[in-house]
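Have a look at the structure below before the remarks.
The values are calculated or read from the model by the stated rules, or taken from the named source; none is laboratory data. This is a predicted model, so every value here is computed, not measured. Backbone-built Cβ (ideal geometry, glycine too); neighbour counts: all protein chains shown. Protein only, heavy atoms only, side chains kept; ligands, DNA and RNA dropped before computing areas. Shrake-Rupley method; radii C 1.70, N 1.55, O 1.52, S 1.80 Å.
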Amino acid sequence: MWAISVLDCVGLIRSCSTLAQALETDAAVGSIQERLPTHTRTYLSNLLLQMYGRCGSLDRARRVFDRIHPRDGFSLNLMITACAQNGDLDQGLAVFWEAPERDLVAWNSILSACVMAGELGTAQELFDQMPQRDAISWSVMLLAHAQYGHLEEAKRLFDFAPCRDMVSWTTMLSAYSKSSNFEQAKMLFDAMPLWDLVSWNAVLSASAHNEHLEDSYSIFDVMPERDLFSWHTMIAIFSQQGCVDKAKRLFDSMPARDLVSLTTMLTAYAENGDLVSAKTIFDSMPQRNLVSWNAMVAAYTHKGLLEDAGGLLRQMPAVDFFTLTALLVGYAAKGKLEESKCVFDSMPDFDLASWNAMLLTYVRNGCYTDAESLFNKMPEKNSISWSTMLFAHAQSGRMDRAKNLFDREISNKDPASWNALLAGYANNGHLSLAKSCFGHMPQRDLVSWNSLLAVYARNGLDNLDLFRAMLIEGIPPDESSFTSVLSGHSGDLQLSWSHFTSMVSNFRLAPSKQQYGCILAVLARCGYFQQAEELIRSMPFLADSRDWLSVLGACRQDHSASANFRAAGQAWRIDPHDSAPYVLLATTREV
């Protein structure tokens, strides 16, 4: 064995990163350790103990600990730390309580070990037993409660701490930030004796979580210094508010950029639907991480460009859970069953989003038995899961199962579950049950009102009073609302035309093809052929055969042979295989 100095031993021990290196180093150090003074042997043994803990060998760390004689204050603390690093809190506690003496550092070490292991109750018991505490003790417990979202307990510790350092202030500030409590965060920030960059970033993040755009910009504007985190946070805030142009201006003004900067801007474009700009950023990146690849895959899937997303997926150097989830959600949105199953079956693990995406795919494809089987296997469910399964039962006509699910299994009945049950009754022709369900709803949204408006229209009932009640409750109508209203008054031209024009004048809604079709049907039923033909030629949509068939139906009242043939000819041109124009033309000539 070659001669080795103490300084060489220290360098070797600190450079070890694998167990194989650690074993070789231990042998080298052991060759000279017996010839060294006691305090030097203890010092090197402590370093070896730390080395084995770092390299994942708790057994060997314990062997080193057991042969240290005498031990100093560091020995116990390093052994506790090794136990914490390797997930063996029980051994750490045993070592702690077996020690003949425990100083404040040892108490803080075991306290930190309990927090690392998620044993907050044990940590609190130890904290209460501590003979003395310092700023580190208070900060460890404050940080633990803050991380677990125990804001009241964290605030109590903060208020009772005999001394507060910058760590304490910043920990409490970050806790408020993560809990989206901007007002408390701002109050605490204003009360701080001094601010550093971490505290500025914490209050900026708090404003971001609460979507306080003006506050965020004001804070960012007065920051005495900014790091990349500050810039990235502000770009993300603008992106979340849909202000992509402002995000881009901020991005362009950054004094320096890194991979995260480019990925943040890429994500901003992707989340706001600007695929071209997202692709430009992506193509210009000198290097890409998994987040940037995933952002681009998600951008393609959100646009429904699943082939492009799949092509990008094949180029990725690695694929993770988020990549597969984005692709699965994309396939689910398109109702692509086989592709969804292929992705789902290849996933190493599932979260709630992936379970729900696969469940939705089954339901959209009418595979209700498969949907129910998957639903029963789900380890957890949220309102989306329950509402989807409720909708599946309703779509398959099994309203008894839907009602049983709603009454007995959904404990937290949110608007989505109420709407699913209401839609089930409406779609299955249960008018009285739909009205009863609507009347019992604790809160109604636009979906609820539209469901009942539609069922009234389908059953030929007057839904105008219902529509007025919706407006009185402050629910603004959408295109679906007007489709139901127009369908429900197909025999009253004046009333239908009044609602049709109010879409633009009162509600700033551009009539869709569906609403134009409703008005054409009204004109046809009322015998206004010329007006129907003028509307069909002037509307901002290409007419289809159904539109011209509505016009042809009006000819029964108009008795215009030339008009008959014009309408029939247009319908034949669009769909030459449809026999309906022949039948209608024959009947109009008979009239």
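Name the pairs whose Cβ atoms lie under 6 Å apart, with the first residue in region 517-546 and polar (S, T, N, Q), the second at pLDDT 75 or above and surrounded by 18 or more Cβ atoms within 10 Å (Cβ to Cβ), and 6 or more positions between them or separate chains?
As it stands, the answer is Gln531/Leu523, since those pairs meet every condition given.
For region 127-143, check the following and say yes or no: at least one residue is among the hydroxyl-bearing types (Ser, Thr, Tyr) and either at pLDDT below 90 or within 26 Å of Cys55 (Cβ to Cβ) (or both).
Checking region 127-143: at least one residue is among the hydroxyl-bearing types (Ser, Thr, Tyr) and either at pLDDT below 90 or within 26 Å of Cys55 (Cβ to Cβ) (or both).
Can you spot a residue in region 295-316 that is loosely packed, with under 15 Cβ neighbours inside 10 Å, touching a helix residue (DSSP H, G or I) at 6+ places or on another chain (Cβ under 7 Å), among the charged types (D, E, K, R) and without any contact (Cβ under 8 Å) to a residue 60 or more places away in the chain?
Checked against the condition, which is being loosely packed, with under 15 Cβ neighbours inside 10 Å, touching a helix residue (DSSP H, G or I) at 6+ places or on another chain (Cβ under 7 Å), among the charged types (D, E, K, R) and without any contact (Cβ under 8 Å) to a residue 60 or more places away in the chain, region 295-316 yields no hits at all.
Would you confirm whether any residue within region 67-75 is under 44 Å from the mean Cα position of the chain (by Cα) and within 25 Å of Asp8 (Cα to Cα)?
no
So Leu266 fits all but one of (1) open to solvent by 60 Å² or more (accessible area, probe 1.4 Å); (2) over 18 Å from Lys178 (Cβ atoms); what number is the exception?
Result: Leu266 passes all but (1).
Working only within region 93-120, note down all residues that are among the small types (Gly, Ala, Ser) and open to solvent by 50 Å² or more (accessible area, probe 1.4 Å).
Ala117
Can you pull out the residues in region 170-198 that are surrounded by 18 or more Cβ atoms within 10 Å (Cβ to Cβ), closer than 19 Å to Val222 by Cβ and of a type outside the set (Ser, Thr, Tyr)?
Passing the criteria: Leu173, Phe182, Ala185, Lys186, Leu188, Phe189, Trp195.
For region 80-88, check the following and say yes or no: at least one residue is under 24 Å from Val140 (Cα atoms), at pLDDT 90 or above and either of a type in the set (A, V, I, L, M) or open to solvent by 80 Å² or more (accessible area, probe 1.4 Å) (or both).
Looking for residues that are under 24 Å from Val140 (Cα atoms), at pLDDT 90 or above and either of a type in the set (A, V, I, L, M) or open to solvent by 80 Å² or more (accessible area, probe 1.4 Å) (or both), one finds at least one in region 80-88, hence yes.
Take the residues of region 30-49 that are touching an Asp or Glu at 6+ places or on another chain (Cβ under 9 Å) and closer than 17 Å to Ala82 by Cβ: which is surrounded by the fewest Cβ atoms within 10 Å (Cβ to Cβ)?
It comes out as Tyr43.
Which residues, counting only those in region 325-352, are of a type outside the set (Asp, Glu), open to solvent by 50 Å² or more (accessible area, probe 1.4 Å), within 16 Å of Ala309 (Cβ to Cβ) and part of a helix (DSSP H, G or I)?
Val329, Ala333, Lys334, Cys342, Ser346
Output the number of residues of region 132-161 satisfying the condition of being more than 21 Å from Thr81 (Cα to Cα) and part of a loop (DSSP other than H, G, I, E, B).
4
Every residue in region 239-259 that is open to solvent by 60 Å² or more (accessible area, probe 1.4 Å), touching a helix residue (DSSP H, G or I) at 6+ places or on another chain (Cβ under 6 Å) and not basic (Lys, Arg), please.
Of everything in region 239-259, just one residue is open to solvent by 60 Å² or more (accessible area, probe 1.4 Å), touching a helix residue (DSSP H, G or I) at 6+ places or on another chain (Cβ under 6 Å) and not basic (Lys, Arg), namely Gln241.
Given the structure, is Ala206 within 22 Å of Ala247 (Cα to Cα), open to solvent by less than 10 Å² (accessible area, probe 1.4 Å) and free of Cβ contacts under 8 Å to residues at least 40 places away in the same chain?
yes
Suppose the filter is in a helix (DSSP H, G or I), within 17 Å of Arg133 (Cβ to Cβ) and of a type in the set (Gly, Ala, Ser); does Ser75 pass it?
No.
Could you please tell me which pairs satisfy a Cβ distance under 9 Å, a separation of 6+ or placement on different chains, a first residue in region 132-143 that is touching a residue at least 24 places away in the same chain (Cβ under 8 Å) and within 13 Å of Met116 (Cα to Cα), and a second residue that is open to solvent by less than 30 Å² (accessible area, probe 1.4 Å) and among the β-branched types (Val, Ile, Thr)?
Val140/Val115; Met141/Val115; Leu143/Val115; Leu143/Thr171
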